[in-house]
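Below you'll find the structure, written out as structure tokens, and then a few comments.
Just so you know, all these numbers are worked out from the coordinates, no wet-lab data involved. Bear in mind that the values here come from a model prediction, so they are computed numbers and not experimental data. Cβ sites come from the backbone with ideal geometry, for glycine too, and all protein chains shown count toward neighbours.
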Amino acid sequence: TSAPTATATPTVTVTPSPTQTGRITVANVRANVRAGPGLEFPIKLVAEPGDSFDLVTQTRDRAWVQVCCLSDGTTGWIATAFTLPEGATPTP
């Protein structure tokens with residue numbers, strides 16, 4: 001018999017940068033909400049256009065925002081390219 005092998009889980013150290021506070025809205029696309037700030041992290045849910053979340057923080061390069069609270073009460077990460085500040089109007 002062979003011993004089970006461990007599966008590596010990606011880790012990323014996030015250095016928060018100054019962020020606006022408030023809420024963000026998913027723009028006019030479906031957006032993956034991930035377990036961490038990057039494509040290598042598993043998808044926790046798919047947010048629909050118009051869904052809004054509390055903004056927690058963002059990565060230093062501002063490519064990803066951490067949002068709260070998902071349906072299970074946890075946080076997740078969305079690529080900034082798919083979000084708008086709440087109340088902003090998407091441009092086609």
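Pulled fully out, how much extra length does the chain show between Cys69 and Glu40, if you take 0.36 nm times their separation in residues and subtract their Cα-Cα distance?
Using 0.36 nm per residue and subtracting the Cα-Cα distance, I get 8.3 nm.
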Going by amide H atoms built from the backbone, whose H comes under 5 Å of the H on Lys44, apart from near neighbours? Val33, Arg34, Ala35
Say R0 is 22 Å: what FRET efficiency, to the nearest 0.05, do Arg30 and Arg60 get from their beta-carbon distance? 0.25
